[in-house]
1. So which pairs qualify, if the first residue must be in segment 11-31 and in the same structural domain as Thr42 (by TED's automatic domain parsing), the second must be in a helix (DSSP H, G or I) and not small (Gly, Ala, Ser), the Cβ gap must be under 6 Å, and the two must be at least 6 apart or on different chains?
2. Can you name every residue in segment 40-68 that is closer than 25 Å to Glu159 by Cβ and buried (at least 16 other Cβ atoms within 10 Å of the Cβ)?
3. Which one of these is over 30 Å from Thr176 (Cα atoms), out of contact with any helix residue (DSSP H, G or I) (no Cβ under 9 Å at 6 or more places or on another chain) and not basic (Lys, Arg): Ile49, Ile21, Ile53?
4. Can we say Lys69 is over 30 Å from Thr100 (Cβ atoms) and either among the aliphatic types (A, V, I, L, M) or assigned to a helix (DSSP H, G or I) (or both)?
5. Restricting to segment 76-105, count the residues that are under 20 Å from Tyr191 (Cβ atoms), in contact (Cβ under 8 Å) with a residue 24 or more places away in the chain and assigned to a loop (DSSP other than H, G, I, E, B).
6. Residues that are within 17 Å of Ile175 (Cβ to Cβ) and not in a strand (DSSP E or B): does segment 41-64 have at least one?
7. How about segment 148-191: which of its residues are over 18 Å from the mean Cα position of the chain (by Cα) and surrounded by 16 or more Cβ atoms within 10 Å (Cβ to Cβ)?
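The values are calculated or read from the model by the stated rules, or taken from the named source; none is laboratory data. No experiment lies behind these values; they were computed from the predicted model shown. A quick note on method: Cβ atoms are made from the backbone with ideal geometry, for glycine too, and the neighbour counts reach across all protein chains shown.
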Amino acid sequence: MDVFLLIGLFVLVFIGIPLGIGLLLYFVPKRFGYPKTGKYMTLFFGILILAIIVMTVFEDDLFTKNDAKELIQEQQIILNDNFSLKHNESIWAIGDYYHTFTLEISKTDKANAIIEIKQSENFKLVDEPISDLYFDSEDRHNGSSRTQNYENEKSFVREYFKPNGYGYAPTYRRITIDKNKNEIVFEDIDY
């Protein structure tokens, strides 16, 4: 029974409401003697809905190297040389979002990124204990943002955690630099 309720709610929200709004945008101006206005408003609304659907469905295909570079630079890791986007994937559900991509970078950019992480004031070596920024905080929704930098057996890692207020998922981003390959893996986890 719950499955049918969920399907009905899905149909109502994603099909019924947009269809109802489109019909209102057409028939209300037509009723008041402005049929062309109703047509144009309905056409504009339809194009808007179509654009939202296309951007949602093709989100991974529309992701560019520039977008990747901006997300990496938000964590103060600067890429000066040319790089390639090897992998990009995003997954979402109601209340959850996960985005990851892998960049193949130059040796120089890798060395500079490692230096940036190692020179951070809170850098921890392989044997030092690290905390789980996402789950160790007492209040995940309030407080200040935190950054953690550390080295493990396989990589150098920079983690960023920012609470976004009650009712909103905190921002958690992790950049991993592989010790054996010239790769950076970026992860954005919101749940």
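1. Pro18/Ile49; Gly22/Thr42; Gly22/Phe45; Leu25/Met41; Leu25/Thr42; Leu25/Phe45; Tyr26/Thr42; Pro29/Thr37
2. At the first step, the residues of segment 40-68 found to be closer than 25 Å to Glu159 by Cβ are 59-60, 63-68.
Answer for segment 40-68, where residues must be closer than 25 Å to Glu159 by Cβ and buried (at least 16 other Cβ atoms within 10 Å of the Cβ): Phe63, Ala68.
3. Details: Ile49 fails: out of contact with any helix residue (DSSP H, G or I) (no Cβ under 9 Å at 6 or more places or on another chain); Ile21 fails: out of contact with any helix residue (DSSP H, G or I) (no Cβ under 9 Å at 6 or more places or on another chain).
Checking each option against the conditions leaves just Ile53.
4. Numbers: over 30 Å from Thr100 (Cβ atoms): no; either among the aliphatic types (A, V, I, L, M) or assigned to a helix (DSSP H, G or I) (or both): yes.
Taking the combined requirement at face value, the residue does not satisfy it.
5. Let us first name the residues in segment 76-105 that are under 20 Å from Tyr191 (Cβ atoms), namely 88-101.
From the residues that got through so far, the ones that are in contact (Cβ under 8 Å) with a residue 24 or more places away in the chain too are 88-90, 95-101.
Of the ones still in play, those that are also assigned to a loop (DSSP other than H, G, I, E, B) are 95.
Total meeting the criteria: 1.
6. Kept after step one, since they are within 17 Å of Ile175 (Cβ to Cβ), are these residues of segment 41-64: 63.
Among the residues that remain, those that are also not in a strand (DSSP E or B) are: 63.
Scanning segment 41-64 turns up at least one residue that is within 17 Å of Ile175 (Cβ to Cβ) and not in a strand (DSSP E or B).
7. Taking segment 148-191 first, the residues over 18 Å from the mean Cα position of the chain (by Cα) are 148-157, 166, 177-183.
Within segment 148-191, Gln148, Asn149, Tyr150, Glu151, Ser155, Phe156, Val157, Ile177, Asn182, Glu183 meet the criteria.
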